[in-house]
Every structure is written in structure tokens, then in C-alpha cells.
Amino acid sequence: MHRRRTRLTAAAGTAAALTAAALLAAGCTAAEQSAAPAAAGPRPGARPFTLLATGDVIPYPSIMTQAADDAGGEDYDFRPMFAAVAPTVAAADIALCHLETPLGPQSGPFTGYPSFQSPPGLAAALRDVGYDGCSTASNHALDSGTDGVRRTLDALDGAGLHYAGTARTRAESGRPAVLRAGGARVAHLSYTYGSNAAVPADAPWSLDLLDPRRVVADARAARRGGADVVVVSLHWGTEWQQEPDAGQRRLADRLTRSRSGDRKDIDLIVGTHNHVPQPYEKVNGTWVVYGLGDQVASFIPSMYRGNEGSAARFTFTPARDGWRVTRAEFLAQHAETGPPFRVVPATPETYPDVHARVRAAVLSRGAAADGLKEASY
């Protein structure tokens, strides 16, 4: 059963944003180290919870053709392509996807690269698979302009999914999705390095662009608004590059060093955009997933690795001074191009070469020494 979550109220978000703006006015470096109030410790009855994050969902034309075939030629049904991994998604207390493409009107047209527009039924399919929310900030988020942003968020609202990264109004911009699990309020924020389409001059708030000062300010605003855990999704890095680039490493260091008093501002960073699995690493005591790789994409496996990815799963446990990650796990996934196109577990038995490559990428910066484990399906 899909688990409904709640968002911060507009009043809480507005008050938090005012506080964040005041912090920014003090100057970036000083603000990131200042003693801003943080959320109190776990509430009575708090219990551990799991958070799962998966990679880019990019419905290329061949994937939309598969969804149409799975629907028997009537509309589009994306659920069968997730069937093999859906139990893992649904089992998480909070499951987050990355919806890279805007959703179109029911009548289409539906298009692929370089300007994407996907069937709106994808939103309900993601909910039925077990996702609770999606990051939506990407370089393709404005492929259909602000109308595409509106349609996408309307569809996600209709499906009961939370979202962060794009906005229909200025008031929505930067406001996190707030999900609940284990007695914790979990704020989800999302940002992208840039946009392929021009950001509208009359709606600069429609897409949350990646500025470290803003990320810190929004994270602090979420904390002041009542969030116990702050998760940040970043669309960043260099495409087709397994090793995180210098910009990713610098930004990861900066964001994970940011603290309010004796508490860090961001509890987890998960990355997308690179198309290939990238390492997990503990930076300044905080887990950073540089790149999850793609989950739904149809690149040619012999030419690219865009059909390989990881699913990240973290267990948050209440402690006296807040919430801590007490277990960090990954699972390898593979997108079979088919037909039929299907997202499946990549295990040593089913896809040994894929599994070995994903595992090597994920562990390439020493995450095993920090406790990262491979989970089983």
C-alpha cells in the first residue's frame, strides 16, 4: 500500500525561508558555520526507518513503445517494467526516485532526446511501484517550458507523490517535500547544475539551480521548519564518468561541512545525471552517493553503461542528539533493453559482469571501510 506523506505548510515554509535569507545575508562562509537553531532530538516512540533512492528515470521512445505494448495499445503502462524491483522499492519506509523528464498532456505528443516529454501516467506508475516522492530538478526539467513543469507537478500531486526541485509558483520554489517515517520528519530538497532550455526570465523560480549557498539556506530553513532529517538530491557531475569530478568533490566537502551549532545541516546527499554508477563515500561523516546511475533508460549496453545503476538504502536510527545513519547499503540494478524492456536486479547469478562493474564503481572510494554493505534482493 502506498504510504501517504505530508508537506510543510506554506506558513512554515515562508517563515523558514525568511530565516534562511537572513543567514545568507550574513555571508556564505560565516553562515555555513553559524549556530542556527536545529530540530530537537527524536520524539517519544521514534524507531529506525529505511530510505531508498534510485537513479534517473528517462523514458526514451523505445521505453514508451514498451509501455504502450504493456498497456495493450491503450494508453501507457510503465508498471510491468518495474515489477522485478518493485518489492524492494515498496519495502522501504521512504522511497525516492529521480524523474528527469517533464510530463506531457494526456494526448501527447511524447518525445525523446534532445527535448523530452513523457506520458503523464508515469506518475501513477511510480506511485504504484512504491515510490513516495521524486526529485525533479534536472537539465531536462524545462524541456517543455513552465507548462511542462506545471503538468508534471499536477500529475505528481494527482498520484499522491511528493516532489522537490521544480515549482509552479515562487512560493513553491525551494520548499522541501516533507515525508514521515519512524516518527521523523524527513525533508527532501533537489537541485540541478543547469538547464538545457533557458530558465524563463519571468519564472526563475521554476527550477532549483545548484548554488551551495542556497542549498545550505534551504536545508537550514527545512530544519527550522521542523525537519529531523534533511536529504539533498543533486543533479551534477560529468556524464559517462565513473569517478566524481573535482566540482562534485569540492561541493560534497562544502555541504557536508556545513553545520548549525553542533549539528550538521545535511544528513544525506544522493546524486544523479552521470548515467553510470559512481562511488558512495562518507565525507565529513556524512554519506554522499555521487551518482546512482540510470534506472530507466535505453542506451545501447555495448556502447554505454547507461543501463546499469545502483539503489541506495540507508537506515536512520534515533539517537539522543538527533538521527544517525546506522546502516548503509547498495543494490545493483540493470535495465534489460529487451524487448521487453525491464529493470531487474543485477546479481552474481543473473548478470555477473554488470554486478561486478556496479560493485566496483560503488566501492571505488573506500566505502566498504566506512561500513557500506551490499544488500540482497
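The values are calculated or read from the model by the stated rules, or taken from the named source; none is laboratory data. As the structure is a computational prediction, the values presented were derived from the model and not from experiment. Cβ placement follows ideal geometry from the backbone for every residue including glycine, while neighbour counts extend to all protein chains displayed.
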Subject >> Single unsatisfied condition, Asp154 versus (1) acidic (Asp, Glu); (2) over 25 Å from Ala86 (Cβ atoms); (3) touching a strand residue (DSSP E or B) at 6+ places or on another chain (Cβ under 9 Å) >> reply: (2)
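Do we find a residue being touching a strand residue (DSSP E or B) at 6+ places or on another chain (Cβ under 6 Å) and in a loop (DSSP other than H, G, I, E, B) anywhere in the range 237-251?
Step one: list which residues in the range 237-251 are touching a strand residue (DSSP E or B) at 6+ places or on another chain (Cβ under 6 Å), which gives none.
There is no residue in the range 237-251 that is touching a strand residue (DSSP E or B) at 6+ places or on another chain (Cβ under 6 Å) and in a loop (DSSP other than H, G, I, E, B).
Show me the strands (runs of 3 or more DSSP E) found entirely inside the range 132-190 where at least 2 residues are in contact (Cβ under 8 Å) with a residue 24 or more places away in the chain and among the small types (Gly, Ala, Ser).
Numbers: elements: 133-135, 162-164, 177-181.
Here the list reads 133-135, 177-181.
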Original post:
Looking at the range 297-330, which of its residues are of a type in the set (S, T, N, Q), part of a strand (DSSP E or B) and surrounded by fewer than 22 Cβ atoms within 10 Å (Cβ to Cβ)?
Top reply: Thr315, Thr317, Thr326
**OP:** State all residues of the range 253-272 that are touching a Gly at 6+ places or on another chain (Cβ under 9 Å), of a type in the set (S, T, N, Q) and in a strand (DSSP E or B); if no residue qualifies, say none.
**Re:** Thr272
**OP:** Just name the residue that is surrounded by the most Cβ atoms within 10 Å (Cβ to Cβ) out of those in the range 280-296 that are in contact with a Pro (Cβ under 8 Å, 6 or more places away or on another chain) and not in a strand (DSSP E or B).
**Re:** Gly291
**OP:** Scan the range 40-65 and report the pairs whose first residue is modelled with pLDDT under 95 and whose second residue is hydrophobic (A, V, I, L, M, F, W, C) and assigned to a helix (DSSP H, G or I), with Cβ atoms within less than 9 Å and a gap of 6+ or a chain change.
**Re:** none
**OP:** Please work out which residue is surrounded by the most Cβ atoms within 10 Å (Cβ to Cβ), limiting yourself to the range 252-279 and to residues that are free of Cβ contacts under 8 Å to residues at least 40 places away in the same chain and not charged (D, E, K, R).
**Re:** Asn274
Subject >> Top-ranked residue in the range 135-158 [being over 26 Å from Glu74 (Cα atoms) and in contact with a Phe, Trp or Tyr (Cβ under 6 Å, 6 or more places away or on another chain); ranked as surrounded by the fewest Cβ atoms within 10 Å (Cβ to Cβ)] >> reply: His140
Original post:
Which condition does Ile266 not pass, out of (1) modelled with pLDDT under 95; (2) under 19 Å from the mean Cα position of the chain (by Cα), if it passes all the others?
Top reply: (1)
Original post:
Residues of the range 102-129 being within 25 Å of Gly174 (Cα to Cα) and touching a strand residue (DSSP E or B) at 6+ places or on another chain (Cβ under 7 Å), which ones?
Top reply: Pro102, Leu103, Gly104, Gln117, Ser118, Pro120, Leu122, Ala123, Leu126
Subject >> So Tyr113, is it surrounded by fewer than 17 Cβ atoms within 10 Å (Cβ to Cβ), aromatic (Phe, Trp, Tyr), over 19 Å from the mean Cα position of the chain (by Cα) and farther than 30 Å from Ser376 by Cβ >> reply: yes
Original post:
Since Ala68 meets every condition but one in (1) aliphatic (A, V, I, L, M); (2) modelled with pLDDT of 50 or more; (3) assigned to a loop (DSSP other than H, G, I, E, B), which condition does it not meet?
Top reply: (3)
Original post:
Only one of (1) of a type outside the set (Asp, Glu); (2) buried (at least 21 other Cβ atoms within 10 Å of the Cβ); (3) touching a Lys or Arg at 6+ places or on another chain (Cβ under 9 Å) is not met by Phe78, so which one is it?
Top reply: (3)
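Here is a yes/no grid of residues against (1) touching a Lys or Arg at 6+ places or on another chain (Cβ under 8 Å); (2) among the hydrophobic types (A, V, I, L, M, F, W, C):
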site	(1), (2)
Val270	no, yes
Asn284	yes, no
Val289	no, yes
Thr337	no, no
Ala356	no, yes
**OP:** Quickly run through the range 79-108 and pick out the residues that are within 20 Å of His275 (Cα to Cα) and part of a loop (DSSP other than H, G, I, E, B).
**Re:** Val85, Glu100, Thr101, Pro102
Original post:
Which members of the range 331-346 meet the condition of being assigned to a loop (DSSP other than H, G, I, E, B) and in contact with a Leu (Cβ under 9 Å, 6 or more places away or on another chain)?
Top reply: Ala346
**OP:** Only residues in the range 77-95 that are at pLDDT 95 or above count as the first member; pair them with residues that are among the acidic types (Asp, Glu), Cβ under 8 angstrom, at least 6 apart or cross-chain, and list the lot.
**Re:** Asp77/Asp70; Phe78/Asp70; Arg79/Asp70; Arg79/Asp128; Pro80/Asp70; Met81/Asp70; Ile94/Asp132; Ala95/Asp132
Original post:
Within the range 347-377, which residues are part of a helix (DSSP H, G or I) and surrounded by 17 or more Cβ atoms within 10 Å (Cβ to Cβ)?
Top reply: Val354, His355, Arg357, Val358, Arg359, Ala361, Val362, Ala367
